[in-house]
Amino acid sequence: MRQVMKIIWPLIAVIAVILIAVVSVVVPASQLVFGVIVPYVAITAFMAGFIYRVVRWANSPVPFNIPTTCGQEASLDWIKSDRIESPASNWGIAGRMAMEILFFRSLFRNSSMEKVDGRRLVYGGNRWLWLGGLAFHWALLIILLRHLRFFTEPVFPPSIWLASLDGIFQLALPTLFITDFIILAAVSYLLIRRLASERIRYISLASDYLALFLILAVAVSGVLMRSFFKVDLVAVKELAVSVITFRPAVPAGIGLPFYIHLLLVCVLIAYFPFSKMMHIAGVLLSPTRNSKNDNRSVRYVNPWDHPVRVHTYAEYEDDFRQPMIKAGIPVDADVSAGSSDGG
């Protein structure tokens, strides 16, 4: 029952957001709230939360050089080192981070373990997770860049080029974008994988399902709004430009599908910095990824070290010399019983 509630509550929350958007039609005056005030609040929450998390991570002490590597470290000249997997220079770090951010290299090498026949462990690759994650993130990036045409005047040229390339298979009007199907398939796979695997389902939190449900709802509402429901895109752009330029004005006749989509996007944006989706910034600040593996050429001193009172052996012997002599224990300096330390 506990596992079921972790799924039910996030789903109810997403449905509640959709129902709240219905107010924009029931009470037309509320369109100013949903079209202007809510986006401003969401963007403010996003920026404040993003800055707070980044500053907090940046201020976290990292006393040791702790890069995670899987290649030969740079050492002697005649030993070939792996400049990407075990970088010892800034260029190597840049290459490693680029491979991680653009192609999810560590996730590609990720392995899974499962018990077969109840008695033996089998290790294997987890390429489907890598493919699903890579497809989702790249599709999301292209969709975001395509949406720039609603916020710029004149239209940002790369967004036009991406839209043309994304809609190269123009099978219907309006144009069906490839990334719409990719992101729906990728998010569905990630959600089904989390639901189908007992092990993953056990360690999943309600926040994990909330992020997936929100992203899926945003994607579905966007596809429905574009392909099945009529929305005045000119009015949508007027609203977007007015909000961006801080001259808010809500055009009439935009329609309910847009406000549902917009409210879901705003909730996702506001929730983003406080969720696991913040790994977009965390990967850049991870000391296991952005540190050089040059421990053989550079000495790293723990900045937390401080002078400590050390009790040397000579001082120890001064304290216990006579008892040690009486016990027959050899001492470095034999001092007579009448010495100042013997009494």
Original post:
With contacts defined as alpha carbon pairs under 8 Å and 6 or more residues apart, what's the relative contact order of the chain in percent?
Top reply: 29
Original post:
Once label points are set 7 Å from the Cα along Cα→Cβ at both Val155 and Leu131, what is their separation, rounded to one decimal in nm?
Top reply: 3.3
Original post:
So how exposed is Asp82, as accessible area in Å² (1.4 Å probe, rounded to 10)?
Top reply: 50
**OP:** Determine the sum of side-chain charges near Glu100: Lys and Arg each +1, Asp and Glu each -1, restricted to other residues whose C-beta is under 14 angstrom from that of Glu100.
**Re:** +3
Subject >> Amide proton proximity set for Ser112, modelled H, under 5 Å, gap of 5+ >> reply: Gly124, Gly125, Asn126
Subject >> Apportionment of accessible area to carbon and sulfur, the chain, percent (1.4 Å) >> reply: 69
Original post:
Once Lys and Arg get +1 and Asp and Glu get -1 on their Cβ, which of Leu19, Val298, Ile329 lies farthest toward the positive end of the dipole of the chain?
Top reply: Leu19
**OP:** Would you mind checking the tilt of helix 233-244 against the longest principal axis of the Cα atoms of the chain, expressed as 0 to 90 degrees and rounded to 10?
**Re:** 40
Original post:
If you place +1 on the Cβ of every Lys and Arg, -1 on the Cβ of every Asp and Glu, and leave all else neutral, what size is the dipole of the chain about its Cα centre, to the nearest 20 Debye?
Top reply: 1340
Original post:
Does anyone have the angle between helix 313-326 and the longest principal axis of the chain? Alpha-carbon axes, 0 to 90°, nearest 10?
Top reply: 40
Original post:
Using the heavy atoms of the protein chains alone and a 1.4 angstrom probe, what is the accessible area of segment 246-320 per residue in square angstrom?
Top reply: 64
**OP:** Could I have the simple spin-label model distance between Val54 and Ala94, label points 7 Å from Cα toward Cβ, reported in nm to one decimal?
**Re:** 2.0
Subject >> Distant-in-sequence amide H partners of Glu153 (H built 1.01 Å from N, under 5 Å) >> reply: none
Subject >> Cβ-based charge dipole, the chain, positive-most Cα from Val54, Thr179, Phe108 >> reply: Thr179
Original post:
Which parts of segment 182-220 would a label at Leu121 reach, counting a residue when its backbone N lies under 19 Å from a point 7 Å out along Cα-to-Cβ?
Top reply: 198-200, 203
**OP:** Give the Kirkwood hydrodynamic radius (Å, one decimal) of the chain, defined as one over the mean of 1/r across all pairs of different Cα atoms.
**Re:** 25.4
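The values are calculated or read from the model by the stated rules, or taken from the named source; none is laboratory data. Given the structure is predicted, the values throughout are model-derived calculations rather than measurements. Here the Cβ is made from the backbone with ideal geometry for all residues, glycine too, and neighbour counts use every protein chain on show. Side chains are part of the model used for accessible areas, which takes the heavy atoms of the whole protein and leaves out ligands, DNA and RNA. Shrake-Rupley method; radii C 1.70, N 1.55, O 1.52, S 1.80 Å.
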